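K.L.:
Pasting in a structure now, in structure tokens, and then I'll have a few things to ask.
The values are calculated or read from the model by the stated rules, or taken from the named source; none is laboratory data. Remember, predicted model here, so these are calculated numbers, not experimental data. Note: ideal-geometry Cβ built from the backbone for every residue, glycine included; neighbour counts use all protein chains shown. These accessible areas exclude ligands, DNA and RNA; they are computed on the full protein's heavy atoms, side chains included. Shrake-Rupley method; radii C 1.70, N 1.55, O 1.52, S 1.80 Å.
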Amino acid sequence: MSTVIQLAIVLGIMVLVHEFGHFAVAKLCGIRVEVFSIGFGKRLIGFRRGDTEYQIAAVPLGGYVKMAGEMGGDGTMALRNTTEAGTLDPGDFNAHPRWQRMLVAFAGPIANFLLAFALMTGVSMLHNEVQEYLSAPAQTDYVPANTPVAKTGIQSGDTIVHYDTIENPTWDQVAIRSVLNLNQNIAFSYMHDGKRVNTKLFVESKNGPDNFALDTLGFIPVMQKTPVQVDTLESNMPAVAAGLKSGDKIIAIDGLDLHSVPAILAYLQDRAGKPAALTVLRTEPDKTTRTVTIDITPKLADAGDGTKDYRLGFSYIPPPVKVERLPFGKAMVASWKFNKKGSYLIVEVLKRLFTRQVSVKSLSSPIGIGQQIHQAAEMPGWMPLIGLMAYISLNLGIFNLLPIPILDGGMILFLVIETIMRRDVNQHFKERVYQVAFVCLLAFFAFVIFNDITKLDFFTKMKP
């Protein structure tokens with residue numbers, strides 16, 4: 001229920017802003033707005049003010065602004081050309097110049113872009129929190145055996161200097177380019193012992209994009225330069241039995257200088273539970289420090305996701321994050337960079353959908369979006385949720401600009417064609433195009449929703 005409520009709130013805000021963009025520009029142009037609706041279908045609640053009915057409808061998968069001259073109440077742009085007297089009503093959409101109608105169509109997506117920009121500007125001013133390693137050079141901490149990355153010859157401590165189309169990538173860029181190239185070969189270069197090695201990497205993902213992570217590919221980043229510090233210990237686990245203490249700093253395991261718990265865990269899995277020697281820096285009660293060697297044997301235990309792996313049984317101090325409160329000007333610059341990067345990524349995904357380099361199954365319906373919103377809401381701080389909201393707003397704006405009838409981009413396309421032809425497209429032809437497009441779009445959304453339903457735990461647990 002909490003996921004449904006969170007989804008309704010977030011999507012409600014996105015749709016409200018989008019439709020308000022259309023509404024505001026239509027009003028400024030003197031176009032009469034008959035209905036302002038959040039949701040489709042049957043009206044649940046609402047009120048009338050002036051010429052406009054404001055309402056919330058039963059199907060919360062979008063919304064629409066119905067302007068004078070439109071047919072029906074589904075938000076599509078099938079238009080009546082004349083009043084009963086045979087003349088255009090001055091308040092009708094079609095009575096206005098095409099440039100004004102284009103402004104109305106553009107206003108919704110632009111409102112979403114402005115919302116994304118405002119959200120990220122605000123979060124950058126109040127609490128801009130980013131894990132430091134994501135924006136750092138892509139240096140490996142440990143490379144698990146028998147992974148696609150290990151087959152390239154890269155080793156612990158090497159730095160990636162080229163990945164797909166990016167030179168000297170950060171870990172954030174490596175993650176993005178990996179998702180865009182699942183189950184494909186890409187150009188891959190790294191520095192080893194001062195020499196550049198150029199090779200290819202197959203970005204393997206056997207379980208699809210939803211279950212892909214860099215560590216499954218074999219990438220484990222250097223998340224911090226300082227040793228892993230033990231926080232709390234689990235009872236009945238090897239760490240307690242071996243004498244590890246809260247506050248201990250693990251500076252090596254079997255002589256390997258590893259800088260993160262994921263790297264240590266990957267090493268333990270490669271060793272298949274064999275005993276290991278931890279080199280620990282310990283601070284005594286009198287504030288003196290000494291180096292201690294602890295022999296420890298991992299235990300096969302629940303990893304927290306239904307699987308088992310070899311674990312030691314301690315929690316740790318998380319890697320450092322950068323927390324800044326940027327001034328307004330710098331916050332705007334940071335927001336612009338965030339949204340530009342997100343927009344490029346969305347556009348590239350759309351291109352790859354059409355070239356079949358990205359599967360339609362990677363798209364999310366409201367079900368998948370709701371799960372992402374719920375996960376972001378449970379994360380500490382505002383950044384995960386606000387960042388996701390900005391990204392959803394960008395998606396909504398860009399998707400609506402696609403030249404598909406019933407979307408804003410389709411309306412703009414027809415207006416451009418009519419401007420070139422210097423006359424209106426035949427109304428009956430236009431209505432048929434809208435009807436076909438509406439059915440195709442419904443079928444597309446039904447497929448994406450069905451795909452998301454099959455990913456739910458109830459169904460995945462039924463699989464053998």
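K.L.:
Can you tell me the FRET efficiency between Asn185 and Ile5 if r is taken as the Cβ-Cβ distance and R0 is 56 Å, rounded to the nearest 0.05?
P.N.:
0.80
K.L.:
Among 257-268, 146-157, how do they line up by average Cβ neighbours within 10 Å per residue, starting with the highest?
P.N.:
Averaged packing, sorted descending, gives the order 257-268, 146-157.
K.L.:
Where does the chain land at 222 nm, in deg cm²/dmol rounded to the nearest 500, when only DSSP H runs of n ≥ 4 count, each adding -39500 (n - 2.57), divided by all residues?
P.N.:
It comes out at -13500 deg cm²/dmol, rounded to the nearest 500.
K.L.:
Provide the per-residue ³J(HN,Hα) series for segment 403-413, in order, calculated from phi with Karplus coefficients 6.51, -1.76, 1.60 and θ = phi - 60°, each as a whole number of Hz, with x at glycine and proline positions.
P.N.:
x, 10, x, 6, 8, 4, x, x, 5, 4, 4
K.L.:
Counting only C-alpha contacts under 8 Å and six or more residues apart, can you give the relative contact order of segment 266-358 as a whole percent?
P.N.:
Working: 72 pairs, mean separation 16.0, N = 93.
Value for segment 266-358: 17 percent.
K.L.:
Ok, one more. Report the gain in length on full extension from Ala241 to Glu132: 0.36 nm times residue separation, minus Cα-Cα distance, nm rounded to one decimal.
P.N.:
35.9 nm
K.L.:
Starting from the amide H of Val358, placed 1.01 Å from N in the peptide plane, find each other amide H under 5 Å away whose residue is 5 or more places distant or on another chain.
P.N.:
Leu353
K.L.:
How far, in degrees from 0 to 90, does helix 98-126 lean away from the longest principal axis of the Cα atoms of the chain, to the nearest 10?
P.N.:
On a 0 to 90 degree scale, this one is about 30.
K.L.:
Next question, about the same structure. Averaged per residue, what accessible area in Å² does segment 366-418 show with a 1.4 Å probe, protein chains only?
P.N.:
It amounts to 40 Å² per residue over segment 366-418.
K.L.:
Under a crude label model (7 Å from the Cα following the beta-carbon direction), how far is Thr232 from Val433 in nanometres?
P.N.:
In this crude spin-label approximation the distance works out to 6.2 nm.
K.L.:
Oh, and also: When the accessible area of segment 164-323 is split by element with a 1.4 Å probe, what percent falls to carbon and sulfur?
P.N.:
Heavy-atom surface of segment 164-323 belonging to carbon and sulfur, 1.4 Å probe: 51 percent.
K.L.:
Need the full-extension length gain, Arg48 to Asp215, defined as separation in residues times 0.36 nm minus the C-alpha distance. One decimal, nm.
P.N.:
Fully extending the segment from Arg48 to Asp215 adds 54.6 nm.
K.L.:
Taking R0 as 45 Å, what's the FRET efficiency between Lys151 and Arg325 from their Cβ-Cβ distance, rounded to 0.05?
P.N.:
Values: r = 44 Å, r/R0 = 0.99.
That pair, Lys151 with Arg325, gives E of 0.50.
K.L.:
If you don't mind, another one. Starting from 0.36 nm per residue, how many nanometres of slack lie between Thr293 and Arg352 once their C-alpha separation is accounted for?
P.N.:
On the way: separation 59, 0.36 × 59 = 21.24 nm, distance 5.18 nm.
Roughly 16.1 nm would be gained on extension.
K.L.:
Additional query: What residues have an amide H closer than 5 Å to that of Ile253, excluding those fewer than 5 places away on the same chain, when H is modeled at 1.01 Å from N in the peptide plane?
P.N.:
Leu258, Thr279
K.L.:
Compare the peptides 195-205, 43-53 by average per-residue count of other Cβ atoms within 10 angstrom and give them in order, highest first. Intermediate values should be presented prior to the final figure.
P.N.:
On the way: 195-205: 14.9, 43-53: 11.8.
Going by the mean number of other Cβ atoms within 10 Å, highest first, we get 195-205, 43-53.
K.L.:
Let me have the relative contact order for the chain, percent, based on Cα pairs under 8 Å that are six or more residues apart. Could you put the intermediate results ahead of the total?
P.N.:
Numbers: 794 pairs, mean separation 76.7, N = 464.
Computed over the chain, the figure is 17 percent.
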